[in-house]
1. Does residue 176 meet the test of being exposed (fewer than 14 other Cβ atoms within 10 Å of the Cβ), at pLDDT below 70 and under 23 Å from residue 304 (Cβ atoms)?
2. Restricting attention to helices (runs of 4 or more DSSP H) lying wholly within segment 1-113, give those where 3 or more residues are over 27 Å from the mean Cα position of the chain (by Cα), at pLDDT 75 or above and closer than 25 Å to residue 229 by Cα.
3. Please give the helices (runs of 4 or more DSSP H) falling wholly within segment 237-307 in which 3 or more residues are under 30 Å from residue 34 (Cα atoms) and either at pLDDT 80 or above or among the basic types (Lys, Arg) (or both).
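The values are calculated or read from the model by the stated rules, or taken from the named source; none is laboratory data. Remember, predicted model here, so these are calculated numbers, not experimental data. Glycine also receives a Cβ, built like all others from the backbone with ideal geometry; neighbour counts cover every protein chain displayed.
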Amino acid sequence: MPTSFGTRENRGLMLSLACFVIVVAGMRAAQPLLVPFLLAVFIAIICSGPLHWLQNKRVPTALAVLIILLSMIGAGVTVLALVGTSVSDFSNAIPEYQQKLRSLTLGVLPLLERLGVQLSPGELLDYFDPGKAMQMVASTLATTGGVLTNTFLILLTVVFILLEAAEMPGKLRAASHNAESSLESFERFSTGVRQYLAIKTLVSFATGLLVTLWLLVLGLDYPLLWGVIAFLLNYVPNIGSILAAIPAVLLALVQLGPSSTVLVAGGYLAVNLLMGSALEPKLLGRKLGLSTLIVFLSLVFWGWVLGPVGMLLSVPLTMIVKIALEVQPETTWLAILLGSESPAVKNDR
């Protein structure tokens, strides 16, 4: 019956929405546990490529995982040794930078008065206070550092995920009567995710390296710190490069003056045009793109649920969901809605 079917359909929709709200509330409540786990999954997916390569070279799984673990520890210690001092020095110097930025902002008051805009210093700082951007960067770095205190837990989880991934095909064959179909879908999904994250990581690394070298040439303080931030925020397309440039541009305005600030901003623009608009789409392919609206909504959603680390992982998490939807024919329409392009519509005549 149409009426009863409609009622059942509405009830199913309401039940799905209620389940979604409950799951989101549970994720938000479990944030301290969920964030390290998601970071571990993210790292494990990136490391699964080298793991498979080592396994194809007939390296035993346990030894391959140990090699990857030692490589990660070595890379982490190196980055920490290079960036840790910069983070500490920058955090200590933030009050001085904030004061200088506020002084520069108040210097705009005479120009506004000549234009007929009457504002008190307090009102101007309420409307526009670039010093708050510096404070936001410091709080984000502190939050990220707090997450990294769980490094041992994250690394241990990565090891277990990699060991489990190596045994997963055999378990699926033993547990399922339709194992080959499940393995085929799982392989398509894991390959797509690995390719996406591997390419994104390489492009992000190149972005961070170019930013670091450019700022080093210009003489801006803490160039390696801004390069690491550019590397991390490059995982967030469209707006990540803008967010990464803001603190460096503000620091250049305080330290180097307006002309060098233009050079800093121009360097960020050139690097991100080269990497984000030319190289990355060619490597990833347009079919893996996300719509700009979905990128923004995922940033807001995952940032609200998981905090600053959720903002960093927002696009990779959404991208993983999109790739998973593409694997199954019945959910392909959802993947199309998340994508950045409309597929060609076949005209049957």
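1. Details: exposed (fewer than 14 other Cβ atoms within 10 Å of the Cβ): yes; at pLDDT below 70: yes; under 23 Å from residue 304 (Cβ atoms): no.
No; evaluated as a whole, the condition is false for this residue.
2. Working: elements: 2-29, 31-56, 61-106.
Of the helices (runs of 4 or more DSSP H) lying wholly inside segment 1-113, those with at least 3 residues that are over 27 Å from the mean Cα position of the chain (by Cα), at pLDDT 75 or above and closer than 25 Å to residue 229 by Cα span 61-106.
3. Details: elements: 240-255, 258-272, 280-284, 292-306.
By residue number, 240-255, 292-306.
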